[in-house]
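Contents: one structure, followed by commentary.
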Amino acid sequence: QVQVVESGGGLVHPGGSLRLSCTVTGLSGNAFSRNAMGWFRQRSGEQRLLVALITFGGEPIYADSAKGRFNISRNNRENTVSLQMTNLTPEDTGVYFCRLGTTSFWGPGTQVTVSP
(Lines give C-alpha, C1' and ligand atoms only; values in the text may rest on other atoms or scores of the structure.)
Protein backbone atom coordinates (compact mmCIF):
# COMPACT_ATOMS: atom_id res chain seq x y z
CA GLN A 1 0.00 0.00 0.00
CA VAL A 2 1.47 3.31 -1.09
CA GLN A 3 1.63 5.98 1.60
CA VAL A 4 2.80 9.56 1.43
CA VAL A 5 3.61 11.39 4.66
CA GLU A 6 4.75 14.97 5.14
CA SER A 7 6.55 16.44 8.13
CA GLY A 8 8.35 19.60 9.20
CA GLY A 9 5.59 22.16 9.34
CA GLY A 10 5.18 24.59 12.18
CA LEU A 11 4.92 28.19 13.29
CA VAL A 12 7.63 30.60 12.18
CA HIS A 13 8.09 34.36 12.18
CA PRO A 14 8.30 36.33 8.92
CA GLY A 15 11.77 36.02 7.48
CA GLY A 16 12.24 32.62 9.05
CA SER A 17 12.90 29.24 7.47
CA LEU A 18 11.39 25.78 7.52
CA ARG A 19 12.32 22.49 5.93
CA LEU A 20 9.50 20.17 4.90
CA SER A 21 10.06 16.49 4.22
CA CYS A 22 7.96 13.92 2.42
CA THR A 23 8.45 10.17 2.57
CA VAL A 24 6.83 7.70 0.22
CA THR A 25 6.52 4.05 1.25
CA GLY A 26 4.97 0.98 -0.31
CA LEU A 27 6.48 1.41 -3.78
CA SER A 28 8.20 -1.45 -5.51
CA GLY A 29 11.66 -1.35 -7.04
CA ASN A 30 12.70 2.05 -8.34
CA ALA A 31 9.18 3.34 -8.88
CA PHE A 32 9.86 6.44 -6.78
CA SER A 33 12.74 7.52 -8.99
CA ARG A 34 10.53 7.28 -12.08
CA ASN A 35 8.06 9.84 -10.76
CA ALA A 36 8.13 13.57 -10.43
CA MET A 37 7.32 14.82 -6.94
CA GLY A 38 5.41 17.97 -6.12
CA TRP A 39 4.73 20.23 -3.16
CA PHE A 40 1.42 22.05 -3.08
CA ARG A 41 0.02 24.69 -0.74
CA GLN A 42 -3.62 25.14 0.19
CA ARG A 43 -4.69 28.26 2.01
CA SER A 44 -7.91 28.25 3.97
CA GLY A 45 -10.86 28.47 1.61
CA GLU A 46 -8.70 28.29 -1.50
CA GLN A 47 -7.71 25.63 -3.98
CA ARG A 48 -4.52 23.64 -3.75
CA LEU A 49 -1.73 25.18 -5.84
CA LEU A 50 1.65 23.90 -6.95
CA VAL A 51 4.59 25.47 -5.11
CA ALA A 52 7.47 23.38 -6.40
CA LEU A 53 8.04 20.23 -8.42
CA ILE A 54 11.08 18.11 -9.10
CA THR A 55 11.17 15.92 -12.17
CA PHE A 56 12.29 12.29 -12.14
CA GLY A 57 15.54 13.60 -13.60
CA GLY A 58 16.03 15.96 -10.68
CA GLU A 59 15.13 19.21 -12.42
CA PRO A 60 13.30 21.69 -10.17
CA ILE A 61 10.34 23.83 -11.23
CA TYR A 62 8.99 26.59 -9.01
CA ALA A 63 5.92 28.75 -8.81
CA ASP A 64 6.78 32.43 -9.16
CA SER A 65 6.08 32.95 -5.46
CA ALA A 66 8.71 30.36 -4.55
CA LYS A 67 11.51 31.33 -6.90
CA GLY A 68 14.66 32.46 -5.12
CA ARG A 69 13.31 31.44 -1.70
CA PHE A 70 12.47 27.74 -1.87
CA ASN A 71 14.61 24.77 -2.85
CA ILE A 72 13.23 21.34 -3.67
CA SER A 73 15.40 18.24 -3.61
CA ARG A 74 14.94 14.49 -3.67
CA ASN A 75 16.69 11.39 -2.40
CA ASN A 76 15.81 8.40 -4.52
CA ARG A 77 17.55 5.97 -2.19
CA GLU A 78 15.36 6.98 0.71
CA ASN A 79 12.22 7.79 -1.32
CA THR A 80 12.07 11.28 0.10
CA VAL A 81 11.59 14.78 -1.23
CA SER A 82 12.32 17.94 0.74
CA LEU A 83 11.33 21.56 0.46
CA GLN A 84 13.65 24.09 2.04
CA MET A 85 11.78 27.35 2.54
CA THR A 86 13.53 30.59 3.43
CA ASN A 87 12.53 34.21 3.90
CA LEU A 88 8.99 33.12 4.68
CA THR A 89 6.12 35.59 4.61
CA PRO A 90 2.54 35.37 5.92
CA GLU A 91 1.46 34.63 2.34
CA ASP A 92 3.28 31.30 2.63
CA THR A 93 0.87 30.19 5.34
CA GLY A 94 -1.19 27.14 4.50
CA VAL A 95 -1.28 23.38 4.51
CA TYR A 96 1.51 21.89 2.43
CA PHE A 97 0.87 18.64 0.61
CA CYS A 98 3.22 16.27 -1.15
CA ARG A 99 2.09 14.37 -4.24
CA LEU A 100 3.57 11.38 -6.01
CA GLY A 101 3.78 12.31 -9.67
CA THR A 102 0.36 12.82 -11.20
CA THR A 103 -1.13 9.99 -9.18
CA SER A 104 -3.87 10.17 -6.59
CA PHE A 105 -1.32 9.54 -3.85
CA TRP A 106 -1.21 12.60 -1.62
CA GLY A 107 -0.06 13.00 1.92
CA PRO A 108 -2.35 14.31 4.66
CA GLY A 109 -0.51 17.63 4.67
CA THR A 110 1.52 19.62 7.16
CA GLN A 111 0.54 23.05 8.46
CA VAL A 112 2.87 25.99 7.93
CA THR A 113 1.99 29.22 9.71
CA VAL A 114 4.02 32.38 9.23
CA SER A 115 3.04 34.99 11.76
CA PRO A 116 4.71 37.77 13.78
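Each Lys and Arg contributes +1 and each Asp and Glu -1, all at the Cβ; summed about the Cα centre of the chain, the dipole is approximately 160 debye. Sparse packing (at most 14 other Cβ atoms within 10 Å of the Cβ) combined with a DSSP loop state is found for the following GluC sites (Glu not before Pro) in the range 42-116: 46, 78. In the chain, the portion of solvent-accessible area held by carbon and sulfur atoms comes to 49 percent [1.4 Å probe, whole percent, DNA, RNA and ligands not counted]. Taken per residue, the accessible surface of the range 33-116 reaches 53 Å², heavy atoms only and a 1.4 Å probe. Would you mind checking the range 89-115 for residues with the amide N under 19 Å from a putative spin-label position 7 Å along Cα→C-beta of residue 55? Of the residues in the range 89-115, 99-103 have backbone N under 19 Å from the label point off residue 55. A straight chain from residue 76 to residue 27 at 0.36 nm per residue would run longer than the Cα-Cα distance by 16.5 nm. Taking amide H atoms as placed 1.01 Å from N in the peptide plane, the amide H of residue 52 lies under 5 Å from those of 39, 63, each 5 or more residues away in sequence or on another chain.
The values are calculated or read from the model by the stated rules, or taken from the named source; none is laboratory data. As the structure is a prediction and not an experimental result, all values here were calculated from the model. Reconstructed Cβ throughout: ideal geometry from the backbone, glycine too, with neighbour counts over all protein chains shown. Just the protein is used for accessible areas: all its heavy atoms, side chains included, with ligands, DNA and RNA removed. Shrake-Rupley method; radii C 1.70, N 1.55, O 1.52, S 1.80 Å.
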